[in-house]
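These notes are about the structure you will find just below.
The values are calculated or read from the model by the stated rules, or taken from the named source; none is laboratory data. As the structure is a computational prediction, the values presented were derived from the model and not from experiment. Reconstructed Cβ throughout: ideal geometry from the backbone, glycine too, with neighbour counts over all protein chains shown. Surface areas here come from the heavy atoms of the whole protein model, side chains and all, with no ligands, DNA or RNA. Shrake-Rupley method; radii C 1.70, N 1.55, O 1.52, S 1.80 Å.
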Amino acid sequence: MSDIITLPAPPRLAIDGQDDTFPVARVFCIGRNYADHAKEMGAAAEPLFFCKHADAVTPLNRLPFPPETEDLHHEVEMVLALGEGGAIVASGVGVDLTRRDLQAKLKAKSAPWEIAKAFHQSAPTGPLRLGPPPTAGAITLSVNGEPRQSGDLSQMILDPQAMLAELSRYFVLGPGDLVFTGTPAGVGPLHPGDRVEARVEGLPTLSFEFQAETAS
């Protein structure tokens, strides 16, 4: 017996300072995990979970600008990489790209956010660093050299271990899972041609830019 199709290889993230890579299986995200971001979105500071598809993750530093949006937003986040038993084996920096205009329309209908959050290459992610994640330190994002987001990891409502404990109530976590841990205040729009630099103190920097044209 053989498969009638060939599945694409999973996205792979570089490991800082090594030749090894981390293959991505699933992507879990947490919203409203920083009170100041929840406030700017007009929502209660009550963390909630959602998912992106594996093909949302990309290590590329030049991306097509996503289609079907007039209001694409950046959300810088620390990312946890999980191994056997759902244990944290590495961490890095990611950006949760969000079609904010579509999200607003879906929220108004009490509909799922998937097309606003889980589109192709909607989770640019930098190299991972092995070991436990930082528990405090600056988390920032700039666009074309202009500071946009600034916070501290210590401001998270659910810290990494509490987050995984909560997620584990609903999912069996395991090797290849990524967890985006939430974003501080200051989210805002991106445009074709923009250059993004995202940082978490103690982790490799994530930098990428959009092509000047919107993807077809």
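Electrostatic tally near Ala138: other residues with Cβ closer than 15 Å to its Cβ, Lys and Arg +1, Asp and Glu -1, net -3. Once the chain from Asp16 to Leu130 is taken as fully extended at 0.36 nm per residue, the excess over their C-alpha distance is 40.3 nm.
Once you sort the root eigenvalues of the Cα gyration tensor of the chain as a ≥ b ≥ c, which label holds: rounded (a/c under 1.5), prolate (a/b larger than b/c) or oblate (the other case)? In terms of gyration-tensor shape, rounded.
Packing-based ranking of 97-108, 159-170 yields 97-108, 159-170, ordered from highest to lowest mean Cβ neighbour count within 10 Å. FRET efficiency for Arg195 and Ser2, Cβ-Cβ distance as r, R0 = 45 Å, nearest 0.05? Step by step, r from the Cβ atoms, then E = 0.50.
Per atom type, the chain shows carbon and sulfur on 53% of its accessible surface, probed at 1.4 Å.
Shown in residue order for the range 139-153 are the 3J(HN,Hα) couplings computed by the Karplus curve 6.51 cos²θ - 1.76 cosθ + 1.60 at θ = phi - 60°: 10, 9, 8, 10, 10, 6, x, 9, x, 10, 10, 8, x, 9, 4 Hz (x for Gly and Pro).
Excluding ligands, DNA and RNA, the accessible surface per residue across the chain is 48 Å² with a 1.4 Å probe. In the range 50-170, Cα pairs under 8 Å separated by at least six residues give a relative contact order of 26 percent.
Dividing the mean sequence gap of close Cα pairs (under 8 Å, 6+ apart) by how many residues the chain holds gives a relative contact order of 30 percent. Applied to the range 157-168, the Karplus parametrisation 6.51 cos²θ - 1.76 cosθ + 1.60 on θ = phi - 60° returns per-residue 3J(HN,Hα) values of 5, 9, 6, x, 5, 5, 4, 5, 4, 5, 4, 5 Hz, with x for Gly and Pro. The sum of -39500 (n - 2.57) across all DSSP H runs of n ≥ 4, divided by the residue count of the chain, sets its helix-only mean residue ellipticity at 222 nm to -3000 deg cm²/dmol. Here the Karplus relation 6.51 cos²θ - 1.76 cosθ + 1.60, evaluated at θ = phi - 60°, turns the backbone of the range 124-137 into coupling constants of x, 9, x, x, 8, 10, 5, x, x, x, x, 9, 8, x Hz, with x for every Gly and Pro. For Glu114 and Ile157, FRET efficiency with R0 = 30 Å and r from the beta-carbon atoms, rounded to 0.05? Efficiency, rounded to the nearest 0.05: 0.80. Give me the net charge of Lys107's neighbourhood, meaning all other residues with Cβ under 14 Å from the Cβ of Lys107; Lys, Arg count +1, Asp, Glu -1. Around Lys107, the surrounding residues sum to +3.
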